[in-house]
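Shown next, in structure tokens, is the structure this report addresses.
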Protein chains: 2
Amino acid sequence: MKIVVLKFGGTSVGTIQKIKKVADIIASYKRKNYKVIVISSAMSGVTNNLIKKSYQISDNFSDAEHDILVSSGEQMACSFIAGRLIHKGYKSRSWISWQVPIITVGPYKNARINQINKKEIIKYLREGGIPIITGFQGVNYENRITTIGRGGSDASAIMFAKFFKAQRCVIYTDVEGVYTTDPNKLKKAKKIKEISYEEMLEMASLGAKVMQPVSIQDARLNRIDIEVRSSYKKKSGTLITKKSNINSNKIITGISSTQNDSKVSLIGVRDRPGVAAAIFKPLSLNSINVDMVVQNISANGKETDLTFTIKTEDLNKTKKIIQLNKKINFRKLIFEKNVSKISIIGVGMITTPGVTFRMFQTLANKRINIKVISTSEIKISVLIDKKNSQKALTSLHKEFELN
Amino acid sequence: MKIVVLKFGGTSVGTIQKIKKVADIIASYKRKNYKVIVISSAMSGVTNNLIKKSYQISDNFSDAEHDILVSSGEQMACSFIAGRLIHKGYKSRSWISWQVPIITVGPYKNARINQINKKEIIKYLREGGIPIITGFQGVNYENRITTIGRGGSDASAIMFAKFFKAQRCVIYTDVEGVYTTDPNKLKKAKKIKEISYEEMLEMASLGAKVMQPVSIQDARLNRIDIEVRSSYKKKSGTLITKKSNINSNKIITGISSTQNDSKVSLIGVRDRPGVAAAIFKPLSLNSINVDMVVQNISANGKETDLTFTIKTEDLNKTKKIIQLNKKINFRKLIFEKNVSKISIIGVGMITTPGVTFRMFQTLANKRINIKVISTSEIKISVLIDKKNSQKALTSLHKEFELN
């Protein structure tokens, strides 16, 4: 069977008018003789509204009841979509997670899909039906509804694509695809036609916000091609696929930049095993997200300098935690607000020497000082003054021929 | 086990604030060592809002999808109630119809409960838990959600009371109970302490609107005591029970009156078998509700006069249908707007002679002309001019010592 999984996000089904459009999109695949499996999120706003009410019931609302409560959102959206397809003359019906069933394991609010019963759905597809399935949820072995913590409906779609061996998984959302950089920051940003899972993972964690990293990782592990595209515009989107499928001579696929970062440096830290853990454990316990971490080699073997970046909103909390931390000794503590991290990402850099140099040279030519450098196999990140971030983005975008 | 079934209607759970109050009521039964089973409707407005949206999807929205759509309403309400009870320190959880399961038969939108699986609920009650169960719905043998056509959540509550052999079924609603007559029409109307199923059936069909007749009939067949009471006020309500339980010397239990009725008379109808059916079939097909029907004995064996009442809003439609009806012959058609039906109801009249006479005499004393009379074992209805309806109500209420 030529199966395609279509996933529609909350904004794509946000109004009755949009749901009608979604039904048209689904029908277009059906006309191309695909067997179509649809995964839907709740209409945007519905879930948050329910959660808001649950807080009025209790500031410690039961996790199990939370899951049965919010799962009603996808239930409603699926019945609307199926109802519209039936109206248009198609054979369709909603399948709530417990009807499939989609079996989950793990705690309420944070379960993961373990198994999908294919039998009924396969039969229905063979009969020409279009199943509309609730994303973001499943039923556990105690026969109670659970919601999927990370990845949400995207994760549901990828699991369906995996279990049904779908040819493709199409994620319909409110953006047109993945861009070389944030189009709001740089007008010359271009939509990327094809991107590898690995690049997408680096892009996503840097704020591409198109898909949750956990879902991309699931797709990567199961070698599922994902197309991200807009449910509003009839333009092709971005295909997330394995490296060998990509036919591109670009070294760099995308550039990302952050805002509102701050740099924290501990100078003259008494170096001993476990000192980094002693610094970062209390930050982690206080939900402070540490991004870049750079530690210089200790010159005398006794002291070291350690630098890391955090969100500026966490700066005061971080200061306090470090100053109260009795497990570490250091000579000086330096904070710097208004820094920005610029990253270039591309699988091409693995096989192309000199990318690092080109990046640094480009920034030097613009007289932009680099404060911190951090690299991975397919990513180079530098920390610079925030005031230079736009200049850096523009020049790097040009240098690596992304315009 | 001392089991009580508590049912909360849509207005009783209409806001988060009201749901908190409902949780308090449930807790009060638990403290009295009852095993409590709760049946909840959807928060008022939720179901209608969903139905309104479904009409925007399609003017012929699928019945099966309608049921899965609106069933989400009870699901949300139950999770809120359970969440609140957990917050208050009680062991509680929501049970969606398919989790119990509550098995239904019959078509979507109009199914009826066939079976309730008691096992899990009994176990949960034994453990001290308070199950909060979705009313108005079940799951059919194809594992799809169905809603109960007539009686709704009341019917669910009565079926639970039946299957679990509950000591009592308490219907919490927005009225304080059943009254001797509509309190909006007569200030001297009094709350009835106890009423028989049969009287309640006559009251309900006459517009008492407290419970649907089908649910009262279910309760009667299963001999389940129902208490109707307000979820806002701590006053005792009305007990609906079997005749022999009622300790009252009243002959008449209640009086009802209608508004907006019209009388239709066909004079000189050619009398032959099937003529009544020929008149009423097209009215029924057009959803026109015929109330009182009186046919005079044909004097010459060839002609008869036939009178019936309808809602005034259906008058023009009725006129047209009768005039176009080629299957009937009559000499004259008479319409009369602005008539009102007054009914006195009471099981006491079966054993008390002269009730009919007392009613007619009371009206005659007030110079109120009776247009049509219709009687059943426990009810006498008369049709009078609408302008006299208040006078009739007041004098009959006094005559039969209901003040």
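The values are calculated or read from the model by the stated rules, or taken from the named source; none is laboratory data. Keep in mind the model is a prediction, meaning the values are calculated, not measured. When we count neighbours, we look across all protein chains shown, and the Cβ atoms used for this are built from the backbone with ideal geometry, even at glycine.
Computed values, structure above
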{"quantity": "Enumeration of residues in the stretch B:22-42 that are surrounded by fewer than 18 Cβ atoms within 10 Å (Cβ to Cβ) and among the basic types (Lys, Arg)", "calculated": "B:Arg31, B:Lys32"}
{"quantity": "Test: residue in the stretch A:102-110 that is facing chain B (nearest Cβ under 10 Å) and either within 30 Å of A:Asp24 (Cα to Cα) or out of contact with any Asp or Glu (no Cβ under 8 Å at 6 or more places or on another chain) (or both)", "calculated": "no"}
{"quantity": "Qualifying residue in the stretch B:206-218 (condition: touching a Gly at 6+ places or on another chain (Cβ under 7 Å), at pLDDT below 90 and in a loop (DSSP other than H, G, I, E, B))", "calculated": "yes"}
{"quantity": "Answer residue from the stretch A:74-101, given it is of a type outside the set (A, V, I, L, M, F, W, C) and more than 8 Å from chain B (Cβ to nearest Cβ) and is surrounded by the fewest Cβ atoms within 10 Å (Cβ to Cβ) among those", "calculated": "A:Gly89"}
{"quantity": "Any hit, the stretch B:142-157, residues being surrounded by 14 or more Cβ atoms within 10 Å (Cβ to Cβ), of a type in the set (A, V, I, L, M, F, W, C) and either out of contact with any strand residue (DSSP E or B) (no Cβ under 9 Å at 6 or more places or on another chain) or on the phi > 0 side of the Ramachandran plot (or both)", "calculated": "no"}
{"quantity": "Residue match in the stretch B:164-184 (condition: within 14 Å of another protein chain (Cβ to nearest Cβ), in contact (Cβ under 8 Å) with a residue 12 or more places away in the chain, surrounded by fewer than 23 Cβ atoms within 10 Å (Cβ to Cβ) and touching a helix residue (DSSP H, G or I) at 6+ places or on another chain (Cβ under 9 Å))", "calculated": "no"}
{"quantity": "Subset of the stretch A:258-292 [without any contact (Cβ under 8 Å) to a residue 40 or more places away in the chain, surrounded by fewer than 17 Cβ atoms within 10 Å (Cβ to Cβ), of a type in the set (A, V, I, L, M) and in contact with a strand residue (DSSP E or B) (Cβ under 9 Å, 6 or more places away or on another chain)]", "calculated": "A:Ala276, A:Val290"}
{"quantity": "Whichever residue in the stretch A:36-54 is in contact (Cβ under 8 Å) with a residue 12 or more places away in the chain and not β-branched (Val, Ile, Thr) and, among such residues, is farthest from A:Phe163 (Cα to Cα)", "calculated": "A:Ser54"}
{"quantity": "Conditions (1) at pLDDT 95 or above; (2) surrounded by fewer than 24 Cβ atoms within 10 Å (Cβ to Cβ): number failed by A:Lys2", "calculated": "(1)"}
{"quantity": "Candidate set from the stretch B:45-67 (those that are under 25 Å from the mean Cα position of the chain (by Cα) and not charged (D, E, K, R)); member that is nearest to A:Ser79 (Cα to Cα)", "calculated": "B:His66"}
{"quantity": "Hey, B:Ile39 modelled with pLDDT of 95 or more, under 27 Å from the mean Cα position of the chain (by Cα), closer than 16 Å to B:Leu125 by Cα and more than 7 Å from every other protein chain (Cβ to nearest Cβ) or not", "calculated": "yes"}
{"quantity": "Selection status of B:Ser54, in contact with an Asp or Glu (Cβ under 6 Å, 6 or more places away or on another chain), at pLDDT 95 or above and either in a strand (DSSP E or B) or within 14 Å of another protein chain (Cβ to nearest Cβ) (or both)", "calculated": "no"}
{"quantity": "Residues located in the stretch B:336-356, provided they are among the β-branched types (Val, Ile, Thr) and in contact (Cβ under 8 Å) with a residue 40 or more places away in the chain", "calculated": "B:Val339, B:Ile342, B:Ile344, B:Ile345, B:Val347, B:Thr352, B:Val355"}
{"quantity": "From the options B:Asn369, B:Asn338, residue that is farther than 17 Å from B:Ile255 by Cα and under 26 Å from the mean Cα position of the chain (by Cα)", "calculated": "B:Asn338"}
{"quantity": "Condition check for B:Glu313: free of Cβ contacts under 8 Å to residues at least 40 places away in the same chain and among the acidic types (Asp, Glu)", "calculated": "no"}
{"quantity": "The stretch B:61-72: number of residues that are out of contact with any Phe, Trp or Tyr (no Cβ under 6 Å at 6 or more places or on another chain) and either within 7 Å of chain A (Cβ to nearest Cβ) or buried (at least 24 other Cβ atoms within 10 Å of the Cβ) (or both)", "calculated": "8"}
{"quantity": "Filter result for B:Leu333 (over 17 Å from B:Lys398 (Cβ atoms), aliphatic (A, V, I, L, M) and without any contact (Cβ under 8 Å) to a residue 60 or more places away in the chain)", "calculated": "no"}
{"quantity": "Contacts under 8 angstrom Cβ, first residue in the stretch B:6-35 being within 13 Å of chain A (Cβ to nearest Cβ) and more than 13 Å from B:Cys78 (Cβ to Cβ), partner small (Gly, Ala, Ser) and buried (at least 18 other Cβ atoms within 10 Å of the Cβ), 6 or more apart", "calculated": "B:Gly14/B:Ser44; B:Lys18/B:Ser12; B:Lys18/B:Ser231; B:Lys21/B:Ser231"}
{"quantity": "Single residue of the stretch A:102-124 satisfying the filter (among the aliphatic types (A, V, I, L, M) and crowded, with 19+ Cβ neighbours inside 10 Å) that is nearest to A:Lys35 (Cα to Cα)", "calculated": "A:Ile121"}
{"quantity": "Given (1) touching a Ser or Thr at 6+ places or on another chain (Cβ under 9 Å); (2) within 24 Å of B:Ala277 (Cβ to Cβ); (3) surrounded by fewer than 19 Cβ atoms within 10 Å (Cβ to Cβ); (4) not hydrophobic (A, V, I, L, M, F, W, C), number of the condition B:Asn365 does not satisfy", "calculated": "(2)"}
{"quantity": "Which numbered condition A:Gly106 misses (of (1) in contact with a Gly (Cβ under 8 Å, 6 or more places away or on another chain); (2) at negative phi)", "calculated": "(2)"}
{"quantity": "Meets criteria (closer than 20 Å to B:Asp67 by Cβ, among the β-branched types (Val, Ile, Thr) and within 14 Å of chain B (Cβ to nearest Cβ)) for A:Val139", "calculated": "yes"}
{"quantity": "Failed condition for B:Ile132, given (1) in a strand (DSSP E or B); (2) within 12 Å of chain A (Cβ to nearest Cβ); (3) more than 30 Å from A:Asn49 (Cα to Cα)", "calculated": "(3)"}
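Matching residues to (1) of a type outside the set (Lys, Arg); (2) modelled with pLDDT of 90 or more; (3) under 29 Å from A:Phe280 (Cβ atoms):
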{"position": "A:Lys327", "(1), (2), (3)": "no, no, yes"}
{"position": "A:Ser343", "(1), (2), (3)": "yes, yes, yes"}
{"position": "A:Gly354", "(1), (2), (3)": "yes, no, no"}
{"position": "A:Phe360", "(1), (2), (3)": "yes, yes, yes"}
{"position": "A:Asn369", "(1), (2), (3)": "yes, yes, yes"}
{"position": "A:Ser374", "(1), (2), (3)": "yes, no, yes"}
